[in-house]
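Working notes, beginning with the structure itself.
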Ligand code: GLU
């Protein structure tokens, strides 16, 4: 897919658990190193980067001894508290190697929904970006319950993109993009490179397609693309197996799916 990436200045990049961790739950150091060097490079090139990173629960579970088969919501929350520390520590150190400063931003649904909290969060992120800091966002899993839970970082990333009025939302997952059918069960499935509008036909393509270890599947990705599109923000799905794939978006050509914005800043 050809694209003029030079127009995108403020970019929200969402990276899923399956991109960031091994199946053991431990951090995939090779991928994180590549992701951070790529984001630091885009940042140094003058772009504003907001990273929405999953992986807290998975990293935490790799560290604490809760049995996976009988995992309770409370144990997951406790695991997230452990894993989030590890994630942020790792990002802070790696970004620092490239001279970049990061900030941890933990959000819940009520922050995104309630005007006062929303203005606080938005204003703080804005100030961080002005100071050339890279906000690293996750859901505040330790405190989220059913009432204030966002649930999936696909949804969170779209909410953040709207909050900061991003020019582009990039969702990095373990799939190449949206296929005409589920590629795991249908060998004839083809990658859809450009989606002008998310209609019934597109929703039908996403049925059943999920990711290996994250919470979101293609359905939540389409919902987040819709949220972004309605706010005038295009969204791209890329395969995070090689985080260097991000460069393609800004160099003019990439493999993935581009969802057009509905109005305003078109893609
Ligand atoms: N907030 C969760 C975590 O950090 C991830 C949720 C998701 O990937 O959708 O583990």
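Points worth noting:
- The condition of being over 21 Å from residue 152 (Cα atoms) and outside any helix (DSSP H, G or I) does not hold for residue 123.
- Selection count, region 223-245, where residues are part of a helix (DSSP H, G or I), modelled with pLDDT of 95 or more and buried (at least 22 other Cβ atoms within 10 Å of the Cβ): 4
- Selected residue [within 16 Å of the ligand (Cβ to nearest atom), modelled with pLDDT under 95 and crowded, with 19+ Cβ neighbours inside 10 Å] from 18, 24: 18
- Residue match in region 62-74 (condition: closer than 20 Å to residue 157 by Cβ and within 14 Å of the ligand (Cβ to nearest atom)): no
- Residue in region 145-158 that is more than 10 Å from the ligand (Cβ to nearest atom) and surrounded by 22 or more Cβ atoms within 10 Å (Cβ to Cβ) present: yes
- Close pairs (6 angstrom Cβ cut-off, 6 or more residues apart or separate chains): under 15 Å from residue 259 (Cα atoms) in region 146-167, in a loop (DSSP other than H, G, I, E, B) and within 13 Å of the ligand (Cβ to nearest atom) anywhere: 154/216
- Within region 159-170, if we keep just the residues that are in contact with a helix residue (DSSP H, G or I) (Cβ under 6 Å, 6 or more places away or on another chain) and within 16 Å of the ligand (Cβ to nearest atom), the residue that is nearest to residue 244 (Cα to Cα) turns out to be 169.
- Residue 97 meets the conditions (1) farther than 28 Å from residue 47 by Cα; (2) more than 13 Å from the ligand (Cβ to nearest atom); (3) surrounded by fewer than 13 Cβ atoms within 10 Å (Cβ to Cβ) in every case but one. The failed one is (1).
- Which listed residue is in contact with a helix residue (DSSP H, G or I) (Cβ under 7 Å, 6 or more places away or on another chain) and either under 18 Å from residue 154 (Cα atoms) or free of Cβ contacts under 8 Å to residues at least 12 places away in the same chain (or both), from 18, 24, 58: 58
- Residue 177 falls short on exactly one of the conditions (1) more than 18 Å from residue 224 (Cβ to Cβ); (2) modelled with pLDDT of 90 or more; (3) more than 14 Å from the ligand (Cβ to nearest atom), and that condition is (1).
- Evaluated against (1) within 16 Å of the ligand (Cβ to nearest atom); (2) assigned to a strand (DSSP E or B); (3) free of Cβ contacts under 8 Å to residues at least 60 places away in the same chain; (4) more than 14 Å from residue 159 (Cα to Cα), residue 103 falls short on exactly one condition, (1).
- Which listed residue, of 141, 186, 113, is closer than 21 Å to residue 238 by Cα and either within 20 Å of the chain's Cα centre (by Cα) or more than 13 Å from the ligand (Cβ to nearest atom) (or both): 186
The values are calculated or read from the model by the stated rules, or taken from the named source; none is laboratory data. Just so you know, these numbers come straight off a predicted model, no measurement behind them. Using ideal geometry, Cβ is built from the backbone for each residue, glycine included, and neighbour counts are taken over all protein chains shown.
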